[in-house]
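Q: The structure is given below, and queries will be raised subsequently.
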Amino acid sequence: HHVKADQDDVVIPSSVHRRPMRILVVDDSLISQRVLAQTLGRMGFMTDVADNGRSALDKLVHVPCLFDCVIMDVIMPIMDGYDATKVCRQDLHLEIPIFVLSADVLPDTRQSMLAVGASAFVAKPVKW
């Protein structure tokens, strides 16, 4: 499966896993959560959702090996994607891939997310 991220293709090899990949979708929009969960489900992935960065961190801390990657929105209430990614990398030292998915495509946003440890930045809407 390929997800277009900037100039590079990010390949997620679901076939190498013994179980379906588990993806944590972090987005405050219920519509985005549903669309991502349904689309990823059709591609054979298992998903769980969190509606803000704090909820995502709670899920990642309690069972750190449960998820194979995170798809993270940037602008969310309680804790945004920037702070959640920063905590994942700097405080929790989690190496899980974090793919930022955001409608905010300003270069500063992309650069700041990558600077705090995001694995890739993907602009919404995603062309599946």
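Q: Given the range 50-91, report the % of alpha carbon pairs whose separation exceeds 12 Å.
A: Values: 464 of 861 pairs.
Pairs farther apart than 12 Å: 54 percent.
Q: So, in nm, how far is label Asp108 from label Ser29 when the simple model puts each one 7 Å beyond its Cα toward the Cβ?
A: 2.2
Q: So, one more: Taking every alpha carbon pair in the range 54-128, what does the distance histogram look like in 5 angstrom bins from 0, in percent?
A: 3, 17, 30, 26, 16, 7, 1
Readers should treat all values here as calculations from the given coordinates under stated rules, not as data from a laboratory. Model, not experiment: these values are computed from the prediction. Neighbour counts are summed over all protein chains in view; Cβ atoms, including those assigned to glycine, are modelled from backbone coordinates with ideal geometry.
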